[in-house]
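The values are calculated or read from the model by the stated rules, or taken from the named source; none is laboratory data. Predicted model, so just to flag it, every value in this text is computed and none were measured. Neighbour counts run over all protein chains shown; Cβ positions are idealised from the backbone, glycine included.
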Protein chains: 2
Amino acid sequence: MTPFTYYNPTRIEFGRDKENNIGKMIAEQGVERLLLVYGTGSIKKNGLYDRVIKSLKTAGIAYEELDGVVSNPLLSRVQDGIDLVKSHGLQAVLGVGGGSVVDSAKAIAAGALYEGEVWDFFINKAPITEALPVYAVMTLAATASEMNGNSVVMNDATKQKYSIASVLLNPKISIINPDLMATVTNAYLAYSAADIIAHTIEVYFTATDHPNFQSRLVESIIKTVIETTEILLKNPLDYDARGEFAWASTQALNGLTGSGTGGGSFPNHMIEHALSALFNIAHGAGLSIVIPAWMKWYKDKNRPQFERFAKEVFGLHTAEEGISALENWFSSIGTPVTLEEAHIPRDRIDEIAENAHGLAVLWGMGEEYPSETIARILQNG
Amino acid sequence: MTPFTYYNPTRIEFGRDKENNIGKMIAEQGVERLLLVYGTGSIKKNGLYDRVIKSLKTAGIAYEELDGVVSNPLLSRVQDGIDLVKSHGLQAVLGVGGGSVVDSAKAIAAGALYEGEVWDFFINKAPITEALPVYAVMTLAATASEMNGNSVVMNDATKQKYSIASVLLNPKISIINPDLMATVTNAYLAYSAADIIAHTIEVYFTATDHPNFQSRLVESIIKTVIETTEILLKNPLDYDARGEFAWASTQALNGLTGSGTGGGSFPNHMIEHALSALFNIAHGAGLSIVIPAWMKWYKDKNRPQFERFAKEVFGLHTAEEGISALENWFSSIGTPVTLEEAHIPRDRIDEIAENAHGLAVLWGMGEEYPSETIARILQNG
């Protein structure tokens, strides 16, 4: 057991209709004026927008709006949000949407109290020392952004998809209502499943320490994701499966599974960020390509854990069998496992590897992952 | 998935020597004067007391002391602590010890800001609306008091062992250093194992809802407790096993495993509190008697979950096989499974049942557990 700090002060409000109380919950924390952040309009079509606005108004909370946040959320839109907060003297940021929306809300919350450029935080030029409170109503389960301090944003000018992390950015309150996630397409559900699994196996395989308890938590999450994804692909309205999928997703990246492991690294995310930055594919779709490719390359560095994975998750024996089983499962649910399936030309592998290597350097694994190594991994995909 | 709120703002600092920084950590939160609560002197013998005092002094924190907290901690000693806090104008309470010490620290923290009798909180006469901040350095893993807002105290006048729960009582910071737990006797380790298992299976069996994910988390905890207990009985100095045991213990009662289950009830704790209130036995020793007895009585009310338990934890099939396996395992590690082993006369069962029923009423399960039912359960033990 490696020393660790576990501190996660986010309050989760899980259940049907809880979003109808979001205004009251935020008002109880002394907030009177906030920025409402959302995406490209689906919340207006399904009525969620109206219910959130009604809840804010009932609670006497004034708001400005920032819409148009897209998947692989853009720094330029984050900057728009920061400008709105500063010009209106807003006190908090409420994201209503998926991970991209909440990640944008967090970046705005950090940038709003900083004199310099918010991108400074992403390139480790400045530390985050304060932030506005963040609140979230989730419409997608994948990133665990509802219960962590992470934010991933793409610099549209430089095509760098980078991240920040601070407990100051943990949402104060996050609403998880499985009903709000029921309209996610099967394709996006599959991408989300790949994303959740990625969040757990990065550390599961790369950690310096592998406490059995922590491995069991990871396997519990993965088995739950596999089981509930298969239920939801057939019946998207299964509330309980949707709920378990969402709660497992939250636990996958809220600090719990990595505790005591030494933390490991996030090579699959590092490589994928380059894929989605350059080709604007869904993050989860990129991950389901990268994960099996990376596993085939990495497996001999930690064979016991790969054999454990094969046995505990799939009831198989060898590292290779476990990797194949996961790859086949990704295919079976409809998320890509080759570059071709995502229409990414193989002759751009070197460019992808170069972009990813930039992030590897920033994340302290530049030596382990030179561009040539990343390119070799991508050749497996 | 039943609606739930999960909110656990305790910061866990896990690892070797972390207690040497407790003064600095507390000072950073603005505390200048606190009450130091501990037990009957073992921390003075092993040097922990000296290190904590040194850390407080280095950080410029003044302190008063309350020693002599015993297992099944007494209300009278809690009252002594409240008097000390009030007379010295102390700002926080630091418990250094096991669950009894930290539970006492919490009751003091709540009582210190209340005009009436602190026992009012325990008999639901008044709600806890404010409390001093609590800090903890753990020397025993069992109660999860380090990461929850629960406190169990015995009213020495009335022989009622009752409890309170409020997130206001969650420790702000808890130190878990497995080294500090290495001197626990094998007997107490076994009692602790029974206690941890009890924390998970109460809800696991009695919940209205059984999400597979939540069941998997419980099974992960139980398997880890069984595995690490067996290692520690042979080698008490195994740091990693001690650490996993402690961290699994923390997760067993910090709100995680019950999320989405509807919460269930705590009949084993209800009955055991009467045992330890009347006979002053170790809480875990009482639980290892009550649990198999209760399981034999309850199993037909939730056969699928009992069969699941048998399969997932012990690789067996029937409910009865699972119960026997757990009972035998308790025996094998040296914690009692019959009243006789704990020197509790069978002719006092009615008195125990009457005492327990008082708590059942307070916990809202008086109808499900009339005295006669509790007596029948105890006859199994």
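Residue count for region A:291-314 under the criterion of being farther than 12 Å from A:LEU326 by Cα and under 22 Å from the mean Cα position of the chain (by Cα): the result is 1. Scanning for something within 25 Å of B:GLN251 (Cα to Cα), buried (at least 24 other Cβ atoms within 10 Å of the Cβ) and either in contact (Cβ under 8 Å) with a residue 24 or more places away in the chain or within 14 Å of another protein chain (Cβ to nearest Cβ) (or both), does region A:155-169 turn up at least one residue? There is at least one residue in region A:155-169 that is within 25 Å of B:GLN251 (Cα to Cα), buried (at least 24 other Cβ atoms within 10 Å of the Cβ) and either in contact (Cβ under 8 Å) with a residue 24 or more places away in the chain or within 14 Å of another protein chain (Cβ to nearest Cβ) (or both). Scanning region B:323-341 for residues that are over 20 Å from the mean Cα position of the chain (by Cα) and either of a type in the set (Gly, Ala, Ser) or outside the structural domain of B:HIS273 (by TED's automatic domain parsing) (or both) yields B:SER324, B:ALA325, B:SER331, B:SER332.
Against the condition under 30 Å from B:ASN170 (Cα atoms), surrounded by 21 or more Cβ atoms within 10 Å (Cβ to Cβ) and in contact with a strand residue (DSSP E or B) (Cβ under 6 Å, 6 or more places away or on another chain), how does A:VAL52 come out, does it pass? Criteria not met by A:VAL52.
Here is the figure for region B:221-238: residues that are farther than 12 Å from A:ASN212 by Cβ and either facing chain A (nearest Cβ under 7 Å) or assigned to a loop (DSSP other than H, G, I, E, B) (or both) total 4.
Being farther than 21 Å from B:TYR188 by Cα and among the hydrophobic types (A, V, I, L, M, F, W, C) is the filter here; which residues of region B:132-173 pass it? Hits for region B:132-173 are B:LEU132, B:VAL134, B:ALA157, B:ILE164, B:ALA165, B:VAL167, B:LEU168, B:LEU169, B:ILE173. Note on region A:4-23: residues that are surrounded by fewer than 22 Cβ atoms within 10 Å (Cβ to Cβ) and without any contact (Cβ under 8 Å) to a residue 40 or more places away in the chain total 3. Each residue in region A:251-262 was checked for being surrounded by fewer than 22 Cβ atoms within 10 Å (Cβ to Cβ) and not in a loop (DSSP other than H, G, I, E, B), and 0 of them qualify. Against the list (1) at negative phi; (2) buried (at least 21 other Cβ atoms within 10 Å of the Cβ), the condition A:GLU312 fails is (2). Is it true that some residue in region A:273-284 is part of a helix (DSSP H, G or I) and under 19 Å from A:THR229 (Cα atoms)? Checked against the condition, which is being part of a helix (DSSP H, G or I) and under 19 Å from A:THR229 (Cα atoms), region A:273-284 yields at least one hit. Determine if region A:240-247 includes at least one residue that is more than 21 Å from the chain's Cα centre (by Cα) and surrounded by fewer than 19 Cβ atoms within 10 Å (Cβ to Cβ). Yes, region A:240-247 contains at least one residue that is more than 21 Å from the chain's Cα centre (by Cα) and surrounded by fewer than 19 Cβ atoms within 10 Å (Cβ to Cβ).
Name every residue in region B:24-46 that is over 25 Å from the mean Cα position of the chain (by Cα) and either surrounded by fewer than 20 Cβ atoms within 10 Å (Cβ to Cβ) or free of Cβ contacts under 8 Å to residues at least 60 places away in the same chain (or both), in order of residue number. I'd like the intermediate steps shown before the answer.
Going residue by residue through region B:24-46, those that are over 25 Å from the mean Cα position of the chain (by Cα) are B:24, B:27-33.
Hits for region B:24-46 are B:LYS24, B:ALA27, B:GLU28, B:GLN29, B:GLY30, B:GLU32, B:ARG33.
For region A:114-145, the set of residues classified as farther than 16 Å from A:HIS273 by Cβ, in contact with a helix residue (DSSP H, G or I) (Cβ under 9 Å, 6 or more places away or on another chain), of a type outside the set (Val, Ile, Thr) and in a loop (DSSP other than H, G, I, E, B) consists of A:TYR114, A:GLU117, A:LYS125, A:ALA126, A:PRO127, A:GLU130, A:ALA131, A:LEU132, A:PRO133, A:LEU140, A:ALA141, A:ALA144, listed by residue number. Of the residues making up region A:181-195, none is more than 14 Å from every other protein chain (Cβ to nearest Cβ), over 30 Å from A:PRO345 (Cβ atoms), in a helix (DSSP H, G or I) and more than 13 Å from the chain's Cα centre (by Cα). Are any of the residues in region B:264-279 within 14 Å of chain A (Cβ to nearest Cβ) and crowded, with 22+ Cβ neighbours inside 10 Å? No, every residue in region B:264-279 fails to be within 14 Å of chain A (Cβ to nearest Cβ) and crowded, with 22+ Cβ neighbours inside 10 Å.
Examine region B:156-167 for a residue that is touching a helix residue (DSSP H, G or I) at 6+ places or on another chain (Cβ under 7 Å) and in a helix (DSSP H, G or I), and state whether such a residue exists. No.
Results for (1) of a type in the set (Ser, Thr, Tyr); (2) in a loop (DSSP other than H, G, I, E, B); (3) closer than 27 Å to B:GLY366 by Cβ, shown as yes or no for each residue.
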{"residue": "B:SER249", "(1), (2), (3)": "yes, no, no"}
{"residue": "B:GLY264", "(1), (2), (3)": "no, yes, yes"}
{"residue": "B:ILE291", "(1), (2), (3)": "no, no, yes"}
{"residue": "B:TRP329", "(1), (2), (3)": "no, no, no"}
{"residue": "B:ASP347", "(1), (2), (3)": "no, no, yes"}
{"residue": "B:ALA353", "(1), (2), (3)": "no, no, yes"}
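Name the single residue that is nearest to the other protein chains (Cβ to nearest Cβ) among those in region B:1-44 being of a type in the set (Asp, Glu) and over 30 Å from A:GLU13 (Cα atoms).
The initial filter retains those residues of region B:1-44 that are of a type in the set (Asp, Glu), namely B:13, B:17, B:19, B:28, B:32.
Going one step further and asking which of them are over 30 Å from A:GLU13 (Cα atoms), we end up with B:17, B:19, B:32.
Details: B:ASP17: 9, B:GLU19: 12, B:GLU32: 23 Å.
It comes out as B:ASP17.
Taken over region A:179-200, the criterion of being surrounded by fewer than 24 Cβ atoms within 10 Å (Cβ to Cβ) and touching a residue at least 60 places away in the same chain (Cβ under 8 Å) is satisfied by A:ASP179, A:ALA182, A:THR183, A:ASN186, A:ALA187, A:TYR188. Only one entry in A:THR224, A:THR228, A:THR208 is on the phi < 0 side of the Ramachandran plot and modelled with pLDDT under 95, namely A:THR208.
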